[in-house]
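Let me begin by presenting the structure, written as structure tokens, before commenting on it.
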Amino acid sequence: MKIIWTRIGNLVYDRNPPLNNLEFPDRGGVSSYYSYNVTSSDAELVKRFLISINQVDLHWNSRLWKVDDVLDVKIASNKGQWIPILGDYEFEGQKIRISNGDFHIFTQRIISHLSNALPYSANEHQERMIVDYIKHFSTGDIKDHKNSQRHWIKDKGPVVETNIGFIENYVDPMNIRSDFEGFVSIVDKIVSAKYSTLVSKAADIIPKLPWGKTFEKDQFTKPDFTSLTVLAFPGSLLPIGINIPNYDDIRQDEGFKNVNLGNAYPKINLKTLQFVSQEDAQMIEDLFHTAGELAVALHELLGHGSGKLLSRNASGQFNFDTEAINPATGEKIDCWYEGDETWSSKFGSISNPYEECRAETVAVYLSCFNESYEAFGITEDIERSRNMIWLNMALGGLKGLVLYNSEAGKWGQAHSWARYVIFRVMQEVEGLVQIEFTEDNQFILRMDYSKIPAEGFNAISRFLTKLSCFKSTGDIKRGTELFNHYSQMDDTILRVRQIVISNMKPRKANVQCHLAFTGSSPELINFEESMDGIIRSFQERFPTFDEEMFSLWEEEFSFNRH
């Protein structure tokens with residue numbers, strides 16, 4: 001630890017450019033998805049190459065390194081495993097290599113544990129899922145991971161819920177390469193019942209979305225939607241809700257799952273709430289764990305789970321009526337996805353914040369319908385619950401400004417960016433939201449709730465129609481213009497940002513429990529909810545020095561510190 005800290009201690013606390021910006025070096029940032037000498041134009045060239053050979057999915061579990069004059073697409077897998085795509089290529093005058101074996105120390109251990117878990121599969125889908133996981137981590141073939149997810153979404157109502165892989169691409173500057181994460185959890189059957197009720201009524205709620213049949217999936221496939229008690233969740237972030245898999249083709253044509261991470265929610269109380277009146281703070285405290293959970297459920301199930309990607313396949317066949325009118329433009333549909341194009345490959349760096357904004361806006365929009373509350377078992381305080389959802393969204397947009405880098409003009413977190421955009425949409429409605437600066441250099445966000453049912457709802461409806469239809473048609477030009485318009489900053493917002501930064505509270509930290517065997521019985525080991533508890537949790541999970549991991553870190557660190 002002392003050796004490592006000597007080399008990274010100053011870097012950990014360095015908030016100066018370029019270390020404070022997740023971006024390519026030539027754009028003033030850093031990223032461990034790319035070696036220090038890879039430029040943004042190098043990455044774009046490799047993206048074009050992978051699209052040209054119908055291998056765009058290789059982005060999910062790969063990094064990009066430049067060694068001498070070769071751009072090496074490094075796939076995470078065991079060493080010495082062959083898949084047909086490996087080899088040396090030349091594209092637009094540039095030498096490109098596709099190799100595997102990246103992070104092989106990790107994948108070997110993952111495979112070992114998965115192999116040990118295989119005999120405990122509860123059914124055929126779980127067994128085949130684990131087998132496909134083992135294949136995927138062995139060779140790096142993303143097709144095997146896709147197959148694992150096909151079995152995962154068919155495994156309905158398990159007692160133990162788990163998923164693993166390179167899943168979310170929030171921190172890649174291009175939003176196409178993904179983080180590794182995994183989770184193991186116990187399904188809370190009682191709390192899950194209300195999510196199941198929402199799923200059962202989803203087909204009746206979806207037609208209320210403002211874009212019409214052409215822009216919606218031909219048939220809503222009811223997903224599994226459960227509330228989980230998380231036992232372990234290794235990854236770069238711990239969400240409170242998930243809608244996966246993130247593969248567009250599977251999600252649209254075969255289905256998905258939603259999970260609510262019940263014990264990952266923040267603890268809301270009057271002492272932690274800032275920048276709202278006492279009355280509004282009380283409303284948020286009272287309703288966060290009912291209306292707040294509903295907002296998350298609507299976001300995951302009917303936000304990420306709705307909408308259709310309009311496309312033309314390699315045979316020239318369209319999956320939509322080409323004479324249909326686009327409600328976002330009032331004219332015939334004039335663009336779509338071609339062949340192997342995907343949402344993330346086409347919209348690139350704004351794909352994640354844009355999609356999170358779409359899902360969040362769906363939640364805000366549907367909070368105006370009584371059916372949403374009835375489906376979730378909320379029978380009281382419906383109007384107040386709606387007000388809480390709208391206020392909490394706008395407040396999240398302002399508090400999230402702490403993650404906006406004003407020097408680089410770049411956001412560091414997709415959800416915060418999304419909520420800020422929604423705040424700006426609300427701000428266009430005269431008198432709906434107001435920022436009131438106080439004499440002690442603070443501010444209070446106020447909302448006129450009487451404007452929600454008419455002016456507010458209409459503004460959100462118009463925005464959501466455009467946001468979703470531009471995604472459906474792959475309209476990168478109009479979609480980018482729309483999103484960038486509502487992403488703009490002004491002097492008032494920059495003043496708010498400084499106040500938020502000056503009043504920052506410590507970020508939420510998650511301490512994770514352990515499961516251990518005492519004799520032949522499993523024992524749950526909890527740790528104190530403090531930084532000391534987090535350190536103890538890590539110490540007990542990793543009690544000895546790991547020479548292999550240290551060697552891997554040292555090799556990576558030395559190369560990229562050149």
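The values are calculated or read from the model by the stated rules, or taken from the named source; none is laboratory data. Quick caveat: nothing in here was measured; it's all calculated off a predicted structure. Positions of Cβ are backbone-derived with ideal geometry, glycine not excepted, and every protein chain shown enters the neighbour counts. Accessible surface areas use protein heavy atoms only, side chains included; no ligands, DNA or RNA. Shrake-Rupley method; radii C 1.70, N 1.55, O 1.52, S 1.80 Å.
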Test each condition in (1) surrounded by 14 or more Cβ atoms within 10 Å (Cβ to Cβ); (2) outside any loop (DSSP other than H, G, I, E, B); (3) not hydroxyl-bearing (Ser, Thr, Tyr) for Pro207 and report the one that comes out false. (1)
What are the residue pairs meeting all of these: first residue in segment 18-30, first residue under 18 Å from Asn175 (Cβ atoms) and open to solvent by 50 Å² or more (accessible area, probe 1.4 Å), second residue part of a loop (DSSP other than H, G, I, E, B) and of a type in the set (Val, Ile, Thr), Cβ atoms under 6 Å, and 6 or more apart or on different chains? Leu22/Val171; Asp26/Thr39
Between Val259, Val171, Val230, which is of a type in the set (A, V, I, L, M), within 28 Å of Cys368 (Cα to Cα), crowded, with 16+ Cβ neighbours inside 10 Å and in contact with a Gly (Cβ under 9 Å, 6 or more places away or on another chain)? Val259
Filter result (aliphatic (A, V, I, L, M) and either surrounded by 15 or more Cβ atoms within 10 Å (Cβ to Cβ) or assigned to a loop (DSSP other than H, G, I, E, B) (or both)) within segment 187-204: Val187, Val191, Leu198, Val199, Ala202
Of all residues in segment 211-253, which are aromatic (Phe, Trp, Tyr) and assigned to a helix (DSSP H, G or I)? Phe215
Checking Ser461, Ser450, Ser487 in turn, the sole residue that is among the hydroxyl-bearing types (Ser, Thr, Tyr) and not in a helix (DSSP H, G or I) turns out to be Ser487
Quick check on my filter: what residues within segment 322-357 are more than 24 Å from Glu23 (Cα to Cα) and among the charged types (D, E, K, R)? Glu323, Glu331, Lys332, Asp334, Glu338, Asp340
Filtering segment 111-156 down to residues that are open to solvent by less than 30 Å² (accessible area, probe 1.4 Å) and among the hydrophobic types (A, V, I, L, M, F, W, C) yields Ile111, Leu114, Met129, Ile130, Phe137, Ile142, Trp152, Ile153
In segment 220-269, the residues that are polar (S, T, N, Q) and without any contact (Cβ under 8 Å) to a residue 40 or more places away in the chain: Thr221, Asn263, Asn269
Which pairs do you get when a residue that is within 29 Å of Lys410 (Cβ to Cβ) and in a loop (DSSP other than H, G, I, E, B), found in segment 421-439, comes within reach of a residue that is open to solvent by 60 Å² or more (accessible area, probe 1.4 Å) and modelled with pLDDT of 95 or more, reach meaning Cβ atoms under 9 angstrom, with the pair 6+ apart or on two chains? Val429/Glu455; Val429/Asn458; Leu432/Glu455
Can you report the number of residues in segment 80-110 which are farther than 24 Å from Gln55 by Cα, of a type outside the set (Val, Ile, Thr) and open to solvent by less than 40 Å² (accessible area, probe 1.4 Å)? 0
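Which of the residues belonging to segment 499-518 are outside any loop (DSSP other than H, G, I, E, B) and either out of contact with any Leu (no Cβ under 9 Å at 6 or more places or on another chain) or of a type in the set (A, V, I, L, M) (or both)?
Keep residues of segment 499-518 that are outside any loop (DSSP other than H, G, I, E, B), which gives 499-502, 514-518.
Result: Ile499, Val500, Ile501, Ser502, Leu515, Ala516, Phe517, Thr518.
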Go through Glu529, Glu523 for me and flag whichever is of a type in the set (Asp, Glu), open to solvent by 60 Å² or more (accessible area, probe 1.4 Å) and either within 25 Å of the chain's Cα centre (by Cα) or within 30 Å of Lys271 (Cα to Cα) (or both). Glu529
Condition test on Ala264, is it among the small types (Gly, Ala, Ser), within 26 Å of Gln219 (Cβ to Cβ) and in contact with a strand residue (DSSP E or B) (Cβ under 8 Å, 6 or more places away or on another chain)? no
